[in-house]
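Visitor: I have a structure here, written as structure tokens, and I will follow up with some questions on it.
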């Protein structure tokens, strides 16, 4: 999963749009050590963003040359001397992005909820929660054929082999399914967008997203959102993910998913357009133990 903030991703998309297709594919190969084969420009950009450790590393890549960064800064209204060296342009770009991290400096829950939470220095579960939700729902929604886009890389590889899915849906009647194992869980979630043609839109504002880390390495991300089919809003969802880092490749994999879906008629009043979470931080912490 990418170590880039949303601000950095948006900036890089603008910079990378000036690269030729050949250079993009070549950069994708470099960033992934040729471990991922991409089919087109969109996949190449997504792969480059997802596999770059941080913004500075990507800006320093040879293909992201001095002229590209200079032009990007000029378009963003940042004037630099024409003879600026690449390292000066890189520093200015990083400063620009860190100054507009609007939504990413949110505070974690305070008080007793934090008593058991220890994180690495510089690790902010909430920023990770935002990035994870953007990544997860983007690849899941890309499987919906009504979008007419190239599906991104969905599959059991994103889950631990013993992953558990609990799916509770309340439309006319309440129904609960429990599934175990990466293949089954991945197929059931895929069916939501691919077969049922649903689109899940997460609310990444403070009232719609919570994230906590346990001392044992489990990160809990809880997100609320709306469910759509074509132009119709069908209802809302709440999803809790448990993530654990894999020591083999240092990537995060999904350990469990608790997904609650409520149809429009089962929603009691409230703002359907930006649903808020009903879980408290204490309830999430209990799931850690």
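Visitor: On the basis of being assigned to a helix (DSSP H, G or I) and exposed (fewer than 14 other Cβ atoms within 10 Å of the Cβ), does residue 56 make the cut?
Guide: So residue 56 passes the test.
Visitor: I would also like to ask the following. Which residues, counting only those in segment 154-168, are surrounded by fewer than 18 Cβ atoms within 10 Å (Cβ to Cβ) and over 20 Å from residue 244 (Cα atoms)?
Guide: Answer for segment 154-168, where residues must be surrounded by fewer than 18 Cβ atoms within 10 Å (Cβ to Cβ) and over 20 Å from residue 244 (Cα atoms): just 168.
Visitor: Taking residue 75, is it modelled with pLDDT under 85 and in the same structural domain as residue 26 (by TED's automatic domain parsing)?
Guide: Against the criterion (modelled with pLDDT under 85 and in the same structural domain as residue 26 (by TED's automatic domain parsing)), residue 75 qualifies.
Visitor: Identify all residues within segment 145-154 that are touching a helix residue (DSSP H, G or I) at 6+ places or on another chain (Cβ under 6 Å) and under 15 Å from residue 187 (Cβ atoms); write none if there are none.
Guide: The one that is touching a helix residue (DSSP H, G or I) at 6+ places or on another chain (Cβ under 6 Å) and under 15 Å from residue 187 (Cβ atoms): 154.
Visitor: What do you reckon, is residue 52 farther than 28 Å from residue 254 by Cα and not assigned by TED's automatic domain parsing to the domain that holds residue 136?
Guide: So residue 52 does not fit the description; no.
Visitor: While we're here: Just wondering, is there one or more residues in segment 16-31 that are in contact (Cβ under 8 Å) with a residue 60 or more places away in the chain, outside the structural domain of residue 125 (by TED's automatic domain parsing) and in contact with a helix residue (DSSP H, G or I) (Cβ under 9 Å, 6 or more places away or on another chain)?
Guide: no
Visitor: Would segment 251-260 turn up any residue that is assigned by TED's automatic domain parsing to the domain that holds residue 279, closer than 17 Å to residue 129 by Cα and outside any strand (DSSP E or B)?
Guide: yes
Visitor: Would you check if there is a residue in segment 175-186 being in contact with a strand residue (DSSP E or B) (Cβ under 7 Å, 6 or more places away or on another chain) and free of Cβ contacts under 8 Å to residues at least 12 places away in the same chain?
Guide: yes
Visitor: Among the candidates 38, 64, 90, single out the residue that is surrounded by 13 or more Cβ atoms within 10 Å (Cβ to Cβ) and closer than 24 Å to residue 154 by Cβ.
Guide: Answer to the check: 38.
Visitor: Restricting attention to segment 1-35, report how many residues are assigned to a loop (DSSP other than H, G, I, E, B) and surrounded by 18 or more Cβ atoms within 10 Å (Cβ to Cβ).
Guide: 4
Visitor: So, in segment 169-187, exactly how many residues are in contact with a helix residue (DSSP H, G or I) (Cβ under 6 Å, 6 or more places away or on another chain) and either closer than 28 Å to residue 245 by Cβ or not in a strand (DSSP E or B) (or both)?
Guide: Result for segment 169-187: 4.
The values are calculated or read from the model by the stated rules, or taken from the named source; none is laboratory data. Just so it is clear, the structure is predicted and the values come from calculations on it, not from any experiment. Positions of Cβ are generated from backbone atoms using ideal geometry, with glycine treated the same way; all protein chains shown enter the neighbour counts.
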